[in-house]
Amino acid sequence: MIKITGEYQGGLHCTATHTPSGNTLVTDAPKDNQGRGEAFSPTDLVATALATCVATTMAIAARQHGVELGPFRYEVTKEMSAEAPRRLARLALQIWLPSAAGQVPAGVLARAANGCPVYRSLAPEVEKVIEFHLPPGAAGGPVNR
């Protein structure tokens, strides 16, 4: 069990502290929802959680096959619902895989991405799209679903 403590500071700003490490973060409401957009919004953190969970879970899966993926880039786009109630409608994740991904058996990375704890915890109504980009010249099989 992990404890996170926090405080609402007023002005639609919050702080949170990860008690095991002491790391802190701040949130602010987005500009389109009465905030100043000066920090991650809570729903930005959900999008970030998906992206980092997918990346971490893929790296763990690769390690289980004796492959260290090394650095790779990802980008997540968050879309909110146009109708009330306000909620996450779509999270689109793009992942630019390193060449080491070609050493992982076909399908392993995609299954890891689609099976990460955050992906599985999001409501079914949230559309989740993951697009993989292989490096030039890489074999096309490591991420086949």
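FYI, it's all coordinate maths here, none of it is from the lab. What you see is a predicted model, and the numbers here were worked out from it, not measured in a lab. Virtual Cβ from ideal backbone geometry, glycine too; neighbours counted across all protein chains shown.
See the values below:
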quantity: Orphan Cys of the chain, criterion: no other Cys C-beta under 4.7 Å; calculated: CYS14
quantity: For region 41-145, alpha-carbon Rg and Dmax in angstrom; calculated: 14.3, 47
quantity: Protection proxy ranking, peptides 126-132, 99-105, average beta carbon neighbours within 10 Å, highest first; calculated: 99-105, 126-132
quantity: DSSP-defined beta bridges in the chain - what % are antiparallel, rounded to 5; calculated: 70
quantity: In nm, spacing of pseudo-spin labels at LEU122 and THR56 (7 Å Cα→C-beta vector); calculated: 1.6
quantity: Centroid-to-centroid separation of region 8-36 and region 42-81 [C-alpha atoms, Å]; calculated: 22
quantity: Cβ-derived FRET efficiency at R0 25 Å, ARG36 paired with THR5, nearest 0.05; calculated: 0.60
quantity: Dipole axis of region 1-112 (+1 Lys, Arg; -1 Asp, Glu on Cβ), positive-most option in THR48, ALA92, ALA59; calculated: ALA59
quantity: Gyration tensor (alpha-carbon) shape descriptor, region 1-56, a/c threshold 1.5; calculated: oblate
quantity: Dipole magnitude (debye, nearest 20) for the chain, charges at Cβ of Lys, Arg, Asp, Glu; calculated: 340
